[in-house]
1. Within region 60-76, track down each residue that is of a type outside the set (Ser, Thr, Tyr), open to solvent by 90 Å² or more (accessible area, probe 1.4 Å) and assigned to a loop (DSSP other than H, G, I, E, B).
2. Does Val47 satisfy the criteria of being in contact with a Gly (Cβ under 8 Å, 6 or more places away or on another chain) and open to solvent by less than 80 Å² (accessible area, probe 1.4 Å)?
3. Out of (1) crowded, with 17+ Cβ neighbours inside 10 Å; (2) within 24 Å of the chain's Cα centre (by Cα), the odd one out for Val57 is which?
4. Could you check, for region 41-51, whether at least one of its residues is out of contact with any Leu (no Cβ under 7 Å at 6 or more places or on another chain) and of a type in the set (Lys, Arg)?
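The values are calculated or read from the model by the stated rules, or taken from the named source; none is laboratory data. Please read these numbers as outputs of a predicted model, since none were measured by experiment. Here the Cβ is made from the backbone with ideal geometry for all residues, glycine too, and neighbour counts use every protein chain on show. To get the accessible areas, we keep the full protein, side chains included, count just its heavy atoms, and leave off ligands, DNA and RNA. Shrake-Rupley method; radii C 1.70, N 1.55, O 1.52, S 1.80 Å.
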Amino acid sequence: MVHWEDSFSRRKLRQNAQQNSQERGRVVSFTPSAMFRYTLMRLGIFVGSFLVIWGLVYVRVLPSGLGSSNLFWVALLALVVSAPLSWVMLRRQRDAVAVQVAERVDRAKERLAANQSQEDGV
């Protein structure tokens with residue numbers, strides 16, 4: 001019963017947010033932002049690289065770290081491997097993030113200009 005009430009209250013909050021934004025002339029989208037998707041995909045590439053490298057170290061294809069530094073070695077190597085992979089594989093997502101950021105900056109500049117013109121008119 002608690003689960004149903006939670007989903008009902010979430011649905012009601014979502015409907016209220018949509019109504020409020022429509023009254024103000026804005027459209028609310030509940031799809032994840034491009035930055036959120038890019039971050040999750042980048043994290044996924046890192047985790048995948050980490051698991052593959054950990055497996056290769058475990059079967060002794062790659063050398064393990066010195067002493068107890070094995071986890072640090074695997075994480076560092078996964079970071080070095082995942083960076084160029086994400087650079088190549090996530091180009092389209094990075095472009096989408098750039099467009100989204102540019103749109104937000106343009107809107108902020110427009111609001112700032114509108115606010116400045118209102119102050120000058122007083």
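1. Going residue by residue through region 60-76, those that are of a type outside the set (Ser, Thr, Tyr) are 60-63, 65-67, 70-76.
From what is left, the residues that are open to solvent by 90 Å² or more (accessible area, probe 1.4 Å) are 60-61, 66, 71-72.
Within region 60-76, Arg60, Val61, Leu66 meet the criteria.
2. Details: in contact with a Gly (Cβ under 8 Å, 6 or more places away or on another chain): no; open to solvent by less than 80 Å² (accessible area, probe 1.4 Å): yes.
So Val47 fails the test.
3. Evaluating Val57 over (1) crowded, with 17+ Cβ neighbours inside 10 Å; (2) within 24 Å of the chain's Cα centre (by Cα) leaves (2) as the failure.
4. No, region 41-51 has no match at all.
Every residue, every condition in (1) open to solvent by 90 Å² or more (accessible area, probe 1.4 Å); (2) more than 25 Å from Arg60 (Cβ to Cβ); (3) touching a residue at least 60 places away in the same chain (Cβ under 8 Å); (4) part of a helix (DSSP H, G or I), yes or no:
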| position | (1), (2), (3), (4) |
| --- | --- |
| Ala78 | no, no, no, yes |
| Val88 | yes, yes, no, yes |
| Arg92 | yes, yes, no, yes |
| Val99 | no, yes, yes, yes |
| Glu103 | yes, yes, no, yes |
| Glu110 | yes, yes, no, yes |
| Ala113 | no, yes, no, yes |
